1. Out of the residues in the stretch B:132-157 that are touching a residue at least 40 places away in the same chain (Cβ under 8 Å) and part of a loop (DSSP other than H, G, I, E, B), which is nearest to residue B:111 (Cα to Cα)?
2. Residues in the stretch B:85-105: is at least one surrounded by fewer than 20 Cβ atoms within 10 Å (Cβ to Cβ), under 22 Å from the mean Cα position of the chain (by Cα) and either of a type in the set (Val, Ile, Thr) or closer than 29 Å to residue B:176 by Cα (or both)?
3. Please work out if residue B:191 is surrounded by fewer than 15 Cβ atoms within 10 Å (Cβ to Cβ) and modelled with pLDDT of 90 or more.
4. Under 9 Å between Cβ atoms, which residue pairs at least 6 apart in sequence (or on different chains) link something in the stretch B:263-288 that is at positive phi with a partner that is assigned to a loop (DSSP other than H, G, I, E, B) and aromatic (Phe, Trp, Tyr)?
5. Name the pairs: first residue in the stretch A:78-96 and at the interface with chain B (Cβ under 7 Å from one of its Cβ atoms), second residue among the hydroxyl-bearing types (Ser, Thr, Tyr), Cβ to Cβ under 8 Å, at least 6 apart or on different chains?
6. At least 2 residues that are within 14 Å of chain A (Cβ to nearest Cβ) and closer than 30 Å to residue B:224 by Cβ in each: list the strands (runs of 3 or more DSSP E) lying fully within the stretch B:248-342 that qualify.
7. Output the residues belonging to the stretch B:247-258 that are exposed (fewer than 14 other Cβ atoms within 10 Å of the Cβ) and closer than 19 Å to residue B:286 by Cα.
8. How about the stretch B:119-148: which of its residues are surrounded by fewer than 19 Cβ atoms within 10 Å (Cβ to Cβ) and among the hydrophobic types (A, V, I, L, M, F, W, C)?
Amino acid sequence: IQADGTDGNCVTFVLHDEDHTLGNSLRYMVMKNPDVEFCGYCITHPSESKINFRIQTRGALPAVEPFRKGLNDLMGVCQHVLSTFEGSMKEFRAQK
Amino acid sequence: PPIAPMAARRSVDEMRDRVVLGEFGVRNVSEPAGVTRGARLPQAFRVDVIREEEDTLEFDMVGIDAAIANAFRRILLAEVPTMAVEKVFVYNNTSIVQDEILAHRLGLIPIRADPRLFEYRNQGDQEGTEIDTLQFQLKIKCKRNPQAAKESSDPDELYFNHKVYSKHMTWVPLGNQTDLFPDADFRPVHDDILIALLRPGQEIDVLMHCVKGIGKDHAKFSPVATASYRLLPDITLLQPIEDEAAETLQKCFSPGVIEIQNINGKKVARVANARLDTFSREVFRHEGLKNLVRLARVRNHYIFTVESTGILPPDVLVSEAIKILMGKCQRFLNELDSVPME
């Protein structure tokens with residue numbers, strides 16, 4: 001992971017060994033944050049496995065914050081999905 | 001024509017949660033921007049398991065977004081690890097099948113071994129240790145059958161061992177693997193995969209190393225036969241459809257989608273089960289019917305179908321995929337915390 005930006009509010013993170021799998025879902029989670037003015041990702045070249053993930057915040061919030069929050073939110077979503085899925089599997093098996 | 005306020009609100013709602021299939025294209029593909037700002041996932045999310053067979057699992061995820069559903073699908077296909085044959089040491093191969101073709105075929109055979117019990121092999125490590133490698137041996141020789149009848153031309157009768165199946169692969173424990181895995185029985189998932197054909201005098205004697213890998217590296221490591229999702233179909237009849245038109249309508253959709261009821265002596269069509277439809281859009285070929293039906297998909301209702309190759313049961317695969325996505329997030333969170341951002 002490398003960061004590169006003019007000031008703390010607009011940062012482009014370079015995430016190595018990642019692709020649309022994490023890029024798109026992380027972008028979705030970060031976009032839900034009302035402090036984020038711009039969020040996007042792109043794959044620099046299909047032969048290289050890395051993505052440029054850019055976050056611009058409105059106001060004085062450092063861009064690392066929405067990034068961190070997005071990662072935490074995504075983990076929370078996954079946890080919720082996991083527990084719901086396992087609960088449903090148990091229920092399904094119990095009623096068979 | 002002017003739209004009444006109720007209808008206007010309905011069309012905004014429609015835009016928000018239905019993807020509409022028009023005659024020549026699909027409308028409302030992306031969710032309107034800004035709609036989901038600040039909205040949290042947990043409220044309406046649920047998972048319903050529809051069908052579970054030995055290797056197939058069909059379940060619904062409702063209330064999730066395309067980005068995350070797609071992430072799970074991508075991880076199921078390419079990033080859930082399995083064990084597969086990677087290195088083949090050929091001691092003797094006098095069969096018709098070339099060494100590299102044989103090695104390729106052996107690599108594609110699914111191996112029944114829980115990948116969570118093993119580690120990845122370190123890069124550059126040629127030998128392989130007992131915690132990251134499974135060793136299999138395939139040693140088979142084809143002989144002529146002396147008792148065969150003179151005129152028979154059936155290879156099953158004439159030769160012994162002329163068909164090499166995956167059941168001929170035997171596990172050779174490395175190091176302390178017999179102690180680590182006392183009840184384990186590592187073998188290919190299917191016994192009847194034909195690997196090669198032999199004739200008398202030909203033999204195959206190879207030693208194979210299985211390692212842990214992911215589908216991104218080589219498709220042989222993919223744990224699913226396939227994993228896919230579709231959105232729940234939603235068929236609405238904009239006007240009542242009767243008699244002959246009802247019959248035609250029923251034929252336009254997959255069986256079971258439209259049912260015909262007898263109300264006051266007239267045949268009236270009703271949408272019975274839109275889920276079964278495969279959306280062939282046959283309706284749009286009938287001038288009289290195409291404006292009376294609205295074909296749409298529910299935007300956040302995903303019907304997942306996961307077919308496993310047999311290495312791990314499909315529900316375990318889905319759980320592992322979700323954990324892998326969590327692992328990726330955790331990895332970046334750890335990096336963020338450890339490396340100071342300048």
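1. B:133
2. yes
3. Considered against the rule, which asks whether it is surrounded by fewer than 15 Cβ atoms within 10 Å (Cβ to Cβ) and modelled with pLDDT of 90 or more, residue B:191 comes out as yes.
4. B:279/B:253
5. A:82/B:319; A:85/B:319; A:86/B:319
6. Output list reads B:293-308.
7. As a first pass, look at the stretch B:247-258 and keep what is exposed (fewer than 14 other Cβ atoms within 10 Å of the Cβ): B:251, B:255-256.
Selection gives B:251, B:255.
8. B:131, B:148
The values are calculated or read from the model by the stated rules, or taken from the named source; none is laboratory data. Source: prediction; values computed, not measured. With ideal geometry, Cβ positions are generated from the backbone for all residues, glycine too; neighbour counts draw on all protein chains shown.
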